[in-house]
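**Student:** I am attaching a structure below and will ask some questions about it afterwards.
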Amino acid sequence: MTPPRNRKALVRPHVVTAGRARPSRNIFDLVTLVIATSGGVGPLTPEKRRIVTLCQGGALSVAEVAGHLDLPPSVAKVLLSDLVDSGHITTRANAPADPADRSAHERLLREVLDGLRARL
Amino acid sequence: MDSVLASDRRYVRDTVRTAVKLLVVGHFAVGKTTFVGTLSEIRPLRTEERMTQAGALVDDLAGTPDKTTTTVAMDFGRLTLSDELVLYLFGTPGQSRFKRLWEDLARGALGALVLVDPNRLEHSFEVMDLLETHGLTYAVAVNQFDSAPVYPLQEVREALDLLPSTPLVTCDARDPISATRALIALVDHLLTPGQEYA
Ligand SMILES: Nc1nc2c(ncn2[C@@H]2O[C@H](COP(=O)(O)OP(=O)(O)O)[C@@H](O)[C@H]2O)c(=O)[nH]1
């Protein structure tokens with residue numbers, strides 16, 4: 001038996017995403033948190049099924065979904081965008097403060113600083 | 001099954017409401033992967049995008065399987081900072097020719113830590129230029145390799161032509177306390193008013 005080959009080499013990105021290179025909506029940052037809805041996996045392509053199954057366990061960032069499933073982040077975004085449209089995936093409230101809102105941005109930075117200091 | 005998954009440490013805690021990111025940048029072998037791995041609570045993950053040599057994202061290879069491509073890897077890790085907040089650290093070489101990748105990474109980032117090797121300071125200029133172009137505030141950390149000579153920080157500062165306000169610290173990317181201190185220097189700096197590049 002031949003050992004399984006690296007699947008990244010076998011699946012060309014444009015095949016996985018049905019030829020679309022970019023998400024229909026640019027709602028995803030690499031750290032947007034996503035989680036599966038209670039909907040189930042329905043009739044989905046294998047790639048999308050893998051994403052939904054992974055995301056049924058809890059929230060993960062877009063980058064983590066890509067990392068766990070060996071997908072380029074650009075491809076993961078397209079697939080996740082479709083899955084949000086089809087109601088399988090939802091984003092966890094995650095609007096990092098608008099940097100233009102100085103005081104909210106500062107509050108966020110302080111939280112980060114406090115969290116880091118607590119680790120020393 | 002559900003409860004097994006729910007306690008899976010891979011996942012972000014249910015109470016988390018905000019995710020932020022910081023970039024850890026620097027040239028090849030400066031210690032980015034080590035730094036991210038030292039601090040991450042999850043096994044660090046790696047993603048790869050295929051790019052053409054010219055820097056275009058390869059997502060349309062149909063019919064051109066021979067096109068020369070190169071793989072750009074990015075390592076990242078996660079730190080839960082409180083019940084409501086997680087921090088992601090993205091390690092990336094930050095090459096200017098991979099513009100679209102870089103923009104994606106830089107968008108929404110709070111700031112960047114530039115790791116430098118005092119023996120190869122000139123290799124750090126490209127990424128510092130890139131950060132300034134994108135208006136990302138940064139601090140610089142000298143990753144001190146045991147075998148390397150120790151240079152006075154003032155000499156490093158001059159060689160890198162840093163602004164007087166840019167923090168410059170020494171760190172050991174393998175040591176969690178030292179790596180955390182370097183991030184603290186960065187976030188402290190981000191909190192100082194007036195750090196945006198014109
Ligand atoms: N002695 C020492 N070795 C280090 C340190 N940081 C990284 N290294 C080693 O340097 C090599 C390159 O580090 P790596 O993190 O892969 O660099 P990257 O290419 O920037 O991600 C690895 O073999 C590391 O083990 C350090 O602080 N001290």
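Just so it is clear, none of the values below were taken in a lab; they were calculated from the coordinates. Remember, predicted model here, so these are calculated numbers, not experimental data. Cβ placement follows ideal geometry from the backbone for every residue including glycine, while neighbour counts extend to all protein chains displayed.
**Student:** So if R0 is 25 Å, what FRET efficiency would B:Asp175 and A:Ser103 give, r being the distance between their Cβ atoms, rounded to the nearest 0.05?
**Tutor:** 0.10
**Student:** If I histogram all Cα-Cα distances within chain B using bins 5 Å wide from 0, what percent of pairs lands in each bin?
**Tutor:** 1, 7, 15, 18, 19, 15, 11, 7, 4, 2, 1, 0
**Student:** Now a separate question. Between B:Glu103 and B:Ala29, what is the label-point separation in nm under the 7 Å Cα-to-beta-carbon projection?
**Tutor:** 3.3 nm
**Student:** Taking neighbour Cβ counts within 10 Å as the exposure measure, how do B:Val169, A:Val65, A:Val52 sort from fewest upward?
**Tutor:** Final ranking by Cβ density, sparse to dense: B:Val169, A:Val52, A:Val65.
**Student:** Starting from the 7 Å offset along Cα-to-Cβ, what nm value, one decimal, do you get for the label separation of B:Leu121 and B:Thr68?
**Tutor:** Between B:Leu121 and B:Thr68, the simple spin-label model gives 3.4 nm.
**Student:** List residues of the range A:30-50, by number, whose backbone nitrogen lies under 17 Å from a label position 7 Å along Cα→C-beta of A:Asp85.
**Tutor:** The answer is A:43-49.
**Student:** Also: How many nm is it between the label spots at B:Arg17 and A:Thr53, if each spot is 7 Å from the Cα in line with the beta carbon?
**Tutor:** The modelled label-to-label distance comes out at 3.4 nm.
**Student:** Below 12 Å, Cα to Cα, which aspartates and glutamates can B:Lys32 reach? Residues fewer than 8 away in the same chain don't count.
**Tutor:** B:Asp75, B:Asp117, B:Asp172
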